[in-house]
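Data first, discussion second: the structure below is written as structure tokens.
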Amino acid sequence: MTGPPAPRHPPAAAVPRLRAAVVGHLEWTTIARVRQLPVRGDIVHAEVLWEGPAGGGAVAAVRLAALAGACTFFTALGDDQAAGRSREVLGRLGVEVVAAVRDRPTRSAVSLVDASGERTTTTLGARLQPEAADDLPWETLRSYDTVYFTAGGAGALARARQAAVLTATSREFPLLTTAGIPVDAMVGSADDPAERCDPTGLPRPPGLLVVTEGAQGGVYRARDATARRYRAVRPPRPVVDCYGAGDNFAAALAFALGTGSAAAEAVTFAAATAALCAATRGPYAVPRNPGPTGPHRSTNRGAPCAPPSFSGTSTTP
């Protein structure tokens, strides 16, 4: 079921300011369009739509930077060209990259988008993720309003827990179960087998559980409350590709919860953000002809695409 169209960009004063961070991973990603996905033995032609640093951590960091004015991205990268290009692109979009350097290549990925806009992704190489033992400014996380966790060891998750609000992807459900570290929100997709989970297996259920169902909307449930459905938001333009829609949803949810928004408002805002992403080529707009930005910090605060309206409230989910 589809809800109202996505709202347009609000006045700058309507967007709350807060300190936001992502702890997670990235892949240097190529997104290409095909008429239909290949079957065994096929040779298909693909048109490249987009290329840049993506994966759950990088996409969420760009969206949080657009919403909050800046975002710190705790991650791990190889010492290679893909890492350098990723730092450059993310820095120009307001993301401060603080990364441990590994002696293996930065992971890459190829995502094929079919005529419906749905994506099928293949990752190439091992996932690089931050660990608590890495020489990163972990102590600063205690001053952050919201952190979104997509990848890392148990120690990195514990460091992320220092933030006022911690949201995690359900892809990390096994880690959340074994680490025993509570999160304020967990978000995943009913359409992705890797994101399905039974929250009763957690030592402590998340304060808010959100399960997205694409164009059908989804379900959310606050702790000790009944589950509620939310409606998807109609994209402002035809769907181009769905790559990154879920990551944009999660980032917007983390942002809204960080401002103290109630669950219903946070989920609606996240759905509107995901709808805008689906109507945009790639998960965000990559700056053209990137130039030097300093070590890993940028003063560019421009949004990669217009975020939906958000007012913020003083209530908690």
For this session: Could you check, for the stretch 254-262, whether at least one of its residues is touching a residue at least 60 places away in the same chain (Cβ under 8 Å), outside any helix (DSSP H, G or I) and of a type in the set (Ser, Thr, Tyr)?
Result: yes
For this session: Would you mind finding the one in 85, 104, 171 that is in a loop (DSSP other than H, G, I, E, B) and under 28 Å from residue 51 (Cβ atoms)?
Result: 104
Problem set entry | Exclusive hit being touching a Ser or Thr at 6+ places or on another chain (Cβ under 6 Å) and among the small types (Gly, Ala, Ser), set 153, 125, 94, 117 | 94
Exercise. How many of the residues making up the stretch 61-101 are over 16 Å from residue 144 (Cα atoms) and under 13 Å from the mean Cα position of the chain (by Cα)?
Worked result: 3
Problem set entry | Residue in the stretch 66-82 that is most open to solvent (accessible area, probe 1.4 Å), counting only those that are under 30 Å from residue 44 (Cβ atoms) and assigned to a helix (DSSP H, G or I) | 81
Exercise. Across the stretch 150-204, what is the total count of residues that are charged (D, E, K, R), open to solvent by less than 30 Å² (accessible area, probe 1.4 Å) and more than 23 Å from residue 224 (Cα to Cα)?
Worked result: 1
For this session: Starting from residues that are of a type in the set (D, E, K, R) and within 19 Å of the chain's Cα centre (by Cα), keep the ones in the stretch 102-130 and report whichever is surrounded by the fewest Cβ atoms within 10 Å (Cβ to Cβ).
Result: 127
Exercise. Here is a list of conditions, (1) surrounded by fewer than 19 Cβ atoms within 10 Å (Cβ to Cβ); (2) modelled with pLDDT of 80 or more; (3) of a type in the set (Val, Ile, Thr); (4) in a loop (DSSP other than H, G, I, E, B), and residue 315 meets all of them except one; can you say which number that is?
Worked result: (2)
For this session: Scan the stretch 232-244 and give yes if some residue there is open to solvent by 20 Å² or more (accessible area, probe 1.4 Å), in contact with a strand residue (DSSP E or B) (Cβ under 6 Å, 6 or more places away or on another chain) and without any contact (Cβ under 8 Å) to a residue 60 or more places away in the chain, otherwise no.
Result: no
For this session: Please work out if residue 63 is in contact (Cβ under 8 Å) with a residue 12 or more places away in the chain, out of contact with any Asp or Glu (no Cβ under 9 Å at 6 or more places or on another chain) and part of a helix (DSSP H, G or I).
Result: no
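The values are calculated or read from the model by the stated rules, or taken from the named source; none is laboratory data. These numbers come from a predicted model, not from an experiment. Glycine also receives a Cβ, built like all others from the backbone with ideal geometry; neighbour counts cover every protein chain displayed. In case anyone asks, the SASA skips ligands and DNA or RNA and just uses the protein heavy atoms, side chains included. Shrake-Rupley method; radii C 1.70, N 1.55, O 1.52, S 1.80 Å.
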